[in-house]
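The values are calculated or read from the model by the stated rules, or taken from the named source; none is laboratory data. A quick note: this is a predicted structure, and the numbers were derived from the prediction, not measured. As a convention, Cβ positions derive from the backbone with ideal geometry for all residues, glycine included, and neighbour counts pool all protein chains shown.
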Ligand code: IPD
Ligand code: CA
Ligand code: CA
């Protein structure tokens, strides 16, 4: 394992213990919703601080882009961090959430870690070196078309502008595939595409920290990540499609007729 992956794994495990410590006490905290919201915010912040602390101990000069504390520092190396992806699931005790940590060098993804602390599943990738789940090498599926495919997605829940367009995509893909899942953690959705548990995934309106690590995992597992029109602007726009090479092409073509002009790539 290269040194930056080692550090990312260490940081993810530390955040994992912060998150799991609090997860076993959710019951007592749901008495007051406000408290729960505050408490979860504390979990997010504490997990993020644990990650940043570990990274900065090893690489004090590196820049950070983290969901809770924003962008800080200026350097060719930048760590992109979502300390708890799947907050709504976590809040409800729904067991699907993860820690997502990616390292970019001059804008290019170098290292990726997505960690599911509940199942102790550590997904890692380094550019040019492949993707792993714990010690097992990952490969996307060889699914050719929609028939028989299992897809993941995210249903828009904040920005409702493109809801009708999204429902058009959902309808078309529901009619043609074996099924659609909405697990609720984009980082894990990407990791599952890399692991061949999902054949493909699409979502509108993600943030970079939701899927920067996931994108490298899929690429290193032999898959394709693109923006919603099939181009390369996914990290900027957050409108993404990912799958193995052949299915990816079909997904782009099936989604295209439903895209409103106003929706950026
Ligand atoms: C969310 C999850 C979810 C996706 C949302 C994200 P958060 O991240 O990844 O699956 O649909 O768009 O915001 O807020 O739980 O870190
Ligand atoms: Ca997220
Ligand atoms: Ca988050």
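Report, by residue number, each residue of region 85-104 that is within 14 Å of residue 16 (Cβ to Cβ), modelled with pLDDT of 95 or more and either part of a loop (DSSP other than H, G, I, E, B) or not assigned by TED's automatic domain parsing to the domain that holds residue 14 (or both).
95, 97
Could you check region 60-84 and list, in sequence order, the residues that are touching a helix residue (DSSP H, G or I) at 6+ places or on another chain (Cβ under 7 Å), within 17 Å of residue 108 (Cα to Cα) and not in a strand (DSSP E or B)?
Residue satisfying the conditions is 62 alone.
Considering (1) under 22 Å from residue 113 (Cβ atoms); (2) assigned to a helix (DSSP H, G or I), say which one residue 201 fails and leave the rest.
(2)
Any residue in region 121-133 that is crowded, with 21+ Cβ neighbours inside 10 Å and within 16 Å of ligand 2 (Cβ to nearest atom)?
yes
Might you check whether a residue that is modelled with pLDDT under 95 and outside any helix (DSSP H, G or I) occurs anywhere in region 37-45?
no
Does region 209-218 contain at least one residue that is surrounded by fewer than 24 Cβ atoms within 10 Å (Cβ to Cβ), modelled with pLDDT of 95 or more and within 11 Å of ligand 2 (Cβ to nearest atom)?
Yes, region 209-218 has at least one match.
Looking at residue 190 and the list (1) surrounded by fewer than 17 Cβ atoms within 10 Å (Cβ to Cβ); (2) in contact (Cβ under 8 Å) with a residue 60 or more places away in the chain, which single condition is not satisfied?
(1)
Answer with yes or no whether residue 167 is away from ligand 2 (no atom under 16 Å from the Cβ) and surrounded by fewer than 15 Cβ atoms within 10 Å (Cβ to Cβ). Quick ask: steps written out before the conclusion?
Details: away from ligand 2 (no atom under 16 Å from the Cβ): yes; surrounded by fewer than 15 Cβ atoms within 10 Å (Cβ to Cβ): yes.
Spelling it out, residue 167 is indeed away from ligand 2 (no atom under 16 Å from the Cβ) and surrounded by fewer than 15 Cβ atoms within 10 Å (Cβ to Cβ).
Just to be sure I understand the filter: pairs with C-beta atoms under 8 Å, separated by 6 or more residues or on different chains, first member in region 63-87 and within 11 Å of residue 51 (Cβ to Cβ), second member within 16 Å of ligand 1 (Cβ to nearest atom) and assigned to a loop (DSSP other than H, G, I, E, B). Which pairs pass?
67/207; 81/67; 82/67; 82/207; 83/67; 83/68; 84/97
Search region 167-187 for residues being farther than 27 Å from residue 121 by Cβ and without any contact (Cβ under 8 Å) to a residue 60 or more places away in the chain, and hand back the single one that is nearest to the chain's Cα centre (by Cα).
Initially, region 167-187 is screened for residues farther than 27 Å from residue 121 by Cβ, giving 167-172, 174-176.
Next, only the ones that are without any contact (Cβ under 8 Å) to a residue 60 or more places away in the chain stay: 167, 170-171, 174-175.
On the way: 167: 22, 170: 20, 171: 24, 174: 22, 175: 26 Å.
Filtering first and then ranking leaves 170.
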